[in-house]
Amino acid sequence: MELLMHFCQCKLRTVLPRTLSRVGRRNHHCTPQSFHSVHASSKPVAPTPLVSRLFQPSNLREGQEVGDMTCRSQRLMLQAGLIHLSNPGCFYYLPAALRSMEKLVRLIDEEMQAIGGQKVDMPALCAAELWKRSGRWELMGKEMFRLQDRHNIDYCLGPTHEEAVTELLASQSTLSYKQLPLLLYQVTRKFRDEQKPKFGLLRGREFYMKDMYSFDYSEEAALHTYQSVCHAYGRLLDRLGLRWVQVQADTGNIGGTLSHEFHLPAEVGEDRLLMCENCGFSANVETLEAGQTDCPQCHTAPFTESKGIEVGHTFYLGTKYSQVFNATFTNAQNKLAMSVMGCFGLGVTRILAASLEVLSSEDSIRWPGLLAPYQVCILPPKKGSKASEAVHLAEDLVQNIGNILPNLKGEVVMDDRTQLTIGKRMKDANRLGYPYVVVVGQKAMEENPVFEVVCQQSGETVFLSRDALLDLLSNVETV
Ligand SMILES: [Zn+2]
């Protein structure tokens, strides 16, 4: 069914035809002529989420002891109803956490596709046979989850997909150099049998990872691709407003000859990083010789040491995997040549938790602005208070935002628990970290009405007219 709706040019009012003349008269800046009609589509419009109805059960009481296997982000996420522990190292991602993660994935998609990445989805259930060919079936040891099917065939739950993707490419007999570089990536659940899962989403046994695999026609081209992915990782972390460092890293059981890690400096981090203040060289301490105190690059400056949470890892693989699986392409001379590979990981759930770890305080979550599950929380007045009549102003505000701010579509929640004081609800909003909290109170009923706006990212509180508030919110970047 289609409904004829009327929108005013001032974009603040949407009305049904029968109320048009009345509304037009009542608003000094809207005349009936300033309305234009469009057919509203019958596509369902999601109602504004009400805090009383959101499923975000707190899984941690205030002051409850949680032991030494936890960290700030885990405590805050349990407290705010973002995650729920299922079994060691495995969590339910509750609705708000999932909203945030979906935003992060959209951001990752933007950055990966900007450098030519194409998204795929590979099976999590991987045949042991592939892993035996690369020699990693033995090498991976106890960290890999292994299982057998009913025919006693061995499988693993893929912790990474070098073998699978190289086999995919090797099965294509028609790959031409004109199609290279080819960058395939996925964002999927990964599994790792951690001996001691801890720190919530920072070190779990089941988690989300973005893994990308690149195929190039020469070593030079592959190194160029390597750099372009590193730049994309840097841009992504910049857009999240996070302080990060890129360090020289060990290639571990993935192999290859060149590797970097991307870290967020943090006390809870499990890696030790050394940074040279003189030339900018930085490395994971495990790549340096024991006891080395001077920079291997400039030999002069002493190192600065920091702990870091690894959120990304890049590897230049050369032909290590393409040779095993015979992943070739047809070159310009129409001869078969070996693909030169790279692989690139980003810990999706880990970025989420690590950013809360570094941005939040002990009792309040602060999000990277783009990842906040909801951008705006509106607090209508307490029921029975002097300002209680202002409740319709809160509803109008929600409607105004919905009508004129496309950037905030679906980004506004209303804390309808009006049996609670503004103060109590403000405390909850602070803990959940909505970037903007708008209090509709007594000042909204004055002759020159203003709303109290708490900008939680900057810590500022400002009083704004409706137009100034809409102007402020129109600049909120969302993904
Ligand atoms: Zn140096």
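The values are calculated or read from the model by the stated rules, or taken from the named source; none is laboratory data. Just so you know, these numbers come straight off a predicted model, no measurement behind them. Cβ: placed from backbone, ideal geometry, glycine included. Neighbour counts: every protein chain shown.
What do you reckon, is ALA327 crowded, with 19+ Cβ neighbours inside 10 Å and not basic (Lys, Arg)? Let's see the steps before the verdict.
Details: crowded, with 19+ Cβ neighbours inside 10 Å: yes; not basic (Lys, Arg): yes.
Judged against the criteria, ALA327 is a match.
Of the conditions (1) within 12 Å of the ligand (Cβ to nearest atom); (2) assigned by TED's automatic domain parsing to the domain that holds GLY204, ALA301 fails just one. Which one is it?
Unmet condition: (2).
Residues to consider are GLU389, GLU395, GLU362; find the one that is under 25 Å from the mean Cα position of the chain (by Cα), on the phi < 0 side of the Ramachandran plot and of a type in the set (Asp, Glu). Walk me through it before giving the result.
Details: GLU389 fails: under 25 Å from the mean Cα position of the chain (by Cα); GLU395 fails: under 25 Å from the mean Cα position of the chain (by Cα).
One residue alone meets the criteria, GLU362.
So, VAL398, is that one among the hydrophobic types (A, V, I, L, M, F, W, C), modelled with pLDDT of 95 or more and closer than 21 Å to ASP471 by Cα or not?
On the way: among the hydrophobic types (A, V, I, L, M, F, W, C): yes; modelled with pLDDT of 95 or more: no; closer than 21 Å to ASP471 by Cα: yes.
For VAL398, the condition - among the hydrophobic types (A, V, I, L, M, F, W, C), modelled with pLDDT of 95 or more and closer than 21 Å to ASP471 by Cα - is not met.
One line per residue, one yes/no per condition, for (1) touching a residue at least 60 places away in the same chain (Cβ under 8 Å); (2) closer than 25 Å to GLU102 by Cα:
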residue	(1), (2)
ASP363	yes, yes
LYS386	no, no
ASP416	yes, no
VAL439	yes, no
PHE463	no, no
ARG466	yes, no
THR478	yes, yes
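Of everything in the range 267-285 that's assigned to a strand (DSSP E or B) and more than 16 Å from the ligand (Cβ to nearest atom), which residue is surrounded by the fewest Cβ atoms within 10 Å (Cβ to Cβ)? Explain how you work it out, then say what you get.
The initial filter retains those residues of the range 267-285 that are assigned to a strand (DSSP E or B), namely 271-276, 282-284.
Now drop any that are not more than 16 Å from the ligand (Cβ to nearest atom), which leaves 271-272.
Values: ASP271: 16, ARG272: 14.
Across the range 267-285, the extreme among qualifying residues is ARG272.
In this structure, is THR251 β-branched (Val, Ile, Thr), more than 16 Å from the ligand (Cβ to nearest atom) and crowded, with 20+ Cβ neighbours inside 10 Å?
Working: β-branched (Val, Ile, Thr): yes; more than 16 Å from the ligand (Cβ to nearest atom): yes; crowded, with 20+ Cβ neighbours inside 10 Å: no.
Answer is no for this residue.
Any idea how many residues of the range 162-205 are free of Cβ contacts under 8 Å to residues at least 12 places away in the same chain and either within 17 Å of LEU130 (Cα to Cα) or touching a helix residue (DSSP H, G or I) at 6+ places or on another chain (Cβ under 9 Å) (or both)?
The total comes to 2.
On the given criteria, is ALA290 farther than 30 Å from LEU107 by Cα, without any contact (Cβ under 8 Å) to a residue 12 or more places away in the chain, away from the ligand (no atom under 16 Å from the Cβ) and of a type outside the set (Ser, Thr, Tyr)? Let's see the steps before the verdict.
Numbers: farther than 30 Å from LEU107 by Cα: yes; without any contact (Cβ under 8 Å) to a residue 12 or more places away in the chain: yes; away from the ligand (no atom under 16 Å from the Cβ): yes; of a type outside the set (Ser, Thr, Tyr): yes.
Spelling it out, ALA290 is indeed farther than 30 Å from LEU107 by Cα, without any contact (Cβ under 8 Å) to a residue 12 or more places away in the chain, away from the ligand (no atom under 16 Å from the Cβ) and of a type outside the set (Ser, Thr, Tyr).
Only one of LEU264, LEU242 is assigned to a strand (DSSP E or B) and on the phi < 0 side of the Ramachandran plot. Can you tell me which? Quick ask: steps written out before the conclusion?
Details: LEU242 fails: assigned to a strand (DSSP E or B).
LEU264 is the lone residue from the list that is assigned to a strand (DSSP E or B) and on the phi < 0 side of the Ramachandran plot.
Tell me, yes or no, whether the range 373-387 has at least one residue that is in contact with a Leu (Cβ under 7 Å, 6 or more places away or on another chain), farther than 17 Å from SER458 by Cα and assigned to a helix (DSSP H, G or I).
There is no residue in the range 373-387 that is in contact with a Leu (Cβ under 7 Å, 6 or more places away or on another chain), farther than 17 Å from SER458 by Cα and assigned to a helix (DSSP H, G or I).
If you check VAL454 against the conditions, is it among the hydrophobic types (A, V, I, L, M, F, W, C) and under 17 Å from GLN375 (Cβ atoms)?
Numbers: among the hydrophobic types (A, V, I, L, M, F, W, C): yes; under 17 Å from GLN375 (Cβ atoms): yes.
Yes.
Which pairs do you get when a residue that is under 16 Å from GLN148 (Cβ atoms), found in the range 120-133, comes within reach of a residue that is acidic (Asp, Glu), reach meaning Cβ atoms under 6 angstrom, with the pair 6+ apart or on two chains?
Going by the 6 Å Cβ cut-off, the qualifying pairs are ALA128/ASP154; LEU130/GLU163; LEU130/GLU167; TRP131/GLU163.
Could you tell me whether any residue of the range 203-225 is assigned to a helix (DSSP H, G or I), surrounded by 22 or more Cβ atoms within 10 Å (Cβ to Cβ) and within 22 Å of the chain's Cα centre (by Cα)?
Residues of the range 203-225 that are assigned to a helix (DSSP H, G or I), as a first pass: 219-225.
Applying the additional criterion that residues be surrounded by 22 or more Cβ atoms within 10 Å (Cβ to Cβ) yields 222, 225.
Narrowing further to those that are within 22 Å of the chain's Cα centre (by Cα): none.
Within the range 203-225 (the criterion being assigned to a helix (DSSP H, G or I), surrounded by 22 or more Cβ atoms within 10 Å (Cβ to Cβ) and within 22 Å of the chain's Cα centre (by Cα)), the answer is no, since none of the residues qualifies.
LEU242 versus (1) within 30 Å of TRP131 (Cβ to Cβ); (2) surrounded by 15 or more Cβ atoms within 10 Å (Cβ to Cβ); (3) more than 16 Å from the ligand (Cβ to nearest atom): which is the lone unmet condition?
That leaves (1) as the condition not met.
In a loop (DSSP other than H, G, I, E, B), at negative phi and in contact with a Pro (Cβ under 9 Å, 6 or more places away or on another chain) - does that describe any residue in the range 290-299?
Filtering the range 290-299 for residues in a loop (DSSP other than H, G, I, E, B) gives 290-293, 295-299.
Subsequent filtering for residues that are at negative phi retains 290, 292-293, 295-298.
Still in the running and in contact with a Pro (Cβ under 9 Å, 6 or more places away or on another chain): 293, 295.
Within the range 290-299 (the criterion being in a loop (DSSP other than H, G, I, E, B), at negative phi and in contact with a Pro (Cβ under 9 Å, 6 or more places away or on another chain)), the answer is yes, since at least one residue qualifies.
Of SER355, SER322, which residue is farther than 30 Å from ALA222 by Cβ and either away from the ligand (no atom under 16 Å from the Cβ) or touching a residue at least 60 places away in the same chain (Cβ under 8 Å) (or both)? Can you show your working first?
Numbers: SER322 fails: farther than 30 Å from ALA222 by Cβ.
The conditions single out SER355.
On the basis of being within 30 Å of SER228 (Cβ to Cβ), in a helix (DSSP H, G or I) and in the same structural domain as LEU223 (by TED's automatic domain parsing), does GLU163 make the cut? Working first, answer last.
On the way: within 30 Å of SER228 (Cβ to Cβ): yes; in a helix (DSSP H, G or I): yes; in the same structural domain as LEU223 (by TED's automatic domain parsing): yes.
Judged against the criteria, GLU163 is a match.
Do any residues in the range 264-284 that are in the same structural domain as GLY204 (by TED's automatic domain parsing) and in contact (Cβ under 8 Å) with a residue 40 or more places away in the chain have Cβ atoms under 7 Å from those of residues that are within 16 Å of the ligand (Cβ to nearest atom) and assigned to a strand (DSSP E or B), where the two are at least six apart or on different chains, and which pairs are they?
Note: pairs meeting the criteria are PRO265/VAL245; PRO265/SER306.
Looking only at the range 452-479, how many residues end up being in a loop (DSSP other than H, G, I, E, B) and at negative phi? Let's see the steps before the verdict.
The initial filter retains those residues of the range 452-479 that are in a loop (DSSP other than H, G, I, E, B), namely 456-459, 465, 475-479.
Within this subset, residues satisfying the condition of being at negative phi are 456-458, 465, 475-479.
Adding up the residues that qualify gives 9.
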